[in-house]
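**Q** Got a structure here, written out as structure tokens. Questions coming.
The values are calculated or read from the model by the stated rules, or taken from the named source; none is laboratory data. This structure is a prediction, so every number in the text was calculated from the model and none was measured. Glycine gets a Cβ as well: all are built from the backbone with ideal geometry, and neighbour counts include every protein chain shown. All accessible areas refer to the heavy atoms of the entire protein, side chains included, with ligands and DNA or RNA removed. Shrake-Rupley method; radii C 1.70, N 1.55, O 1.52, S 1.80 Å.
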Amino acid sequence: MLKAYKTEINPTEQQIFIIRKTMGTGRYVYNLFLSINRWRYECGYCYLNAYAFSKWLNNTYLKENTKEMWIKSVHAKSVKQSIINADQAMKKFFKHQAGFPKYKSRKKDWGSFYFFKNGSKQFIDCERHRIKIPTLGWIRIKEKGYFPTDNKLNVIKNGTISEKAGRYYLSILVEQSENNKNKITVKNQLVLI
């Protein structure tokens, strides 16, 4: 069973710098994806999906534009997720479910910082008052005891850090085992819900 949690976090100044840098890079790559595919459409070329764009970005674009190697300085999974989000927005446009995706603005939209669990053996550690996020390390949680902390019964699959009005929020997706059902005692009897 998958369950989502969201709460406010209290990152350090260095962590805020990394979060904002990752968000800015994700926003830049998202806008680049839209620009390249718009140009390709106007010139009569076929659409570059997320996989093909990621391959082109790493193997061709960054080699030809060495000034933009700063894209590689952030977590690769965050950049890949921005490409996937842009691809999904374009596919909704092609299916006439939405208009052409809007470019992300530096003034309005900081974007998101994505992180994932890498492989079956890696765990994203979580304690009562803090969580360990790849590339950021331990971050303090403002609401203590809100996230499940038992790695055997609850596995944090992925998460997102977002910023709103100078405050930072963490959303995580947790896979909970069937053995971790809520237990209630009613008149000296144990009832599983």
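**Q** Mind ordering 78-90, 59-71 by average Cβ neighbours within 10 Å, highest first?
**A** On the way: 78-90: 20.7, 59-71: 11.0.
Sorting 78-90, 59-71 by mean packing, highest first, produces 78-90, 59-71.
**Q** Hey, another quick one. For residue 59, what charge total do you get from the other residues with a beta carbon under 15 Å from its beta carbon, if Lys and Arg give +1 and Asp and Glu give -1?
**A** Neighbourhood net charge equals +2.
**Q** Taking the structure as given and computing Rg and Dmax of the Cα atoms in Å, which label from (1) 20.0, 73; (2) 16.9, 57; (3) 15.0, 46 fits?
**A** Only one listed value fits the structure, namely (1).
**Q** Tally Lys and Arg at +1 and Asp and Glu at -1 over the other residues with C-beta under 12 Å from the C-beta of residue 137: what net charge comes out?
**A** Working: positive: 130, 132, 140; negative: 125.
Net of charged neighbours comes to +2.
**Q** Also, I was wondering about something else. Show me, for the range 46-55, the HN-Hα J-couplings you get by feeding each phi into the Karplus relation (A = 6.51, B = -1.76, C = 1.60, θ = phi - 60°), rounded to Hz, glycine and proline as x.
**A** Ordered by residue, 3J(HN,Hα) equals 6, 6, 8, 6, 4, 5, 5, 5, 4, 5 Hz.
**Q** List the relative contact order of the chain as a percent without decimals, with contacts defined as Cα pairs under 8 Å and 6+ residues apart.
**A** Values: 268 pairs, mean separation 58.5, N = 193.
Relative contact order here is 30 percent.
**Q** Here is a follow-up. Would you mind putting 91-97, 15-21 in packing order, based on average other-beta-carbon counts within 10 Å, highest first?
**A** Details: 91-97: 10.9, 15-21: 17.3.
Top to bottom by mean Cβ count within 10 Å: 15-21, 91-97.
**Q** Considering the zone a paramagnetic label at residue 144 would reach in this model (a point 7 Å from Cα along the Cα-to-Cβ line), which residues of the range 1-30 have amide N under 17 Å from it?
**A** 8-11
**Q** Please determine, in degrees from 0 to 90 and to the nearest 10, the orientation of helix 13-42 with respect to the longest principal axis defined by the Cα atoms of the chain, where the helix direction is its Cα long axis.
**A** 40 degrees
**Q** In terms of solvent-accessible area of protein heavy atoms at a 1.4 angstrom probe, what is the ranking of 130, 140, 106, highest value first? Display every interim value, and only then the final one.
**A** Numbers: 130 65, 140 120, 106 170 Å².
These residues rank, largest area first, as 106, 140, 130.
**Q** Hey, another quick one. Can you give the local net charge around residue 167? Use residues other than it whose beta-carbon is closer than 10 angstrom to its beta-carbon, Lys and Arg +1, Asp and Glu -1. Show your work: numbers first, answer last.
**A** Values: positive: 142, 164; negative: 8, 163.
In short, 0.
**Q** On a C-alpha basis, how far is the centre of the range 122-168 from the centre of the range 1-73 in Å? Whole number, if you could?
**A** 23 Å
**Q** Accessible area per residue of the range 1-71 at 1.4 Å probe, in Å²? Let's see the in-between values first.
**A** Working: 4350 Å² over 71 residues.
Heavy-atom SASA per residue in the range 1-71 reads 61 Å².
**Q** Using only the alpha-carbon atoms, how far is helix 76-94 inclined from the longest principal axis of the chain? Give it as 0 to 90 degrees, nearest 10.
**A** Helix 76-94 sits roughly 70 degrees off the main axis of the chain.
**Q** Distance check, please: which entries in 55/95; 21/108; 92/157; 6/91 exceed 23 angstrom between their Cα atoms?
**A** Working: 55/95 25 Å; 21/108 16 Å; 92/157 26 Å; 6/91 28 Å.
Violating the 23 Å Cα-Cα cut-off are 55/95; 92/157; 6/91.
**Q** Provide the FRET efficiency to the nearest 0.05 for the residue 123-residue 68 pair, computing r from the beta carbons and using R0 = 25 Å. Could you put the intermediate results ahead of the total?
**A** Details: r = 34 Å, r/R0 = 1.36.
Step by step, r from the Cβ atoms, then E = 0.15.
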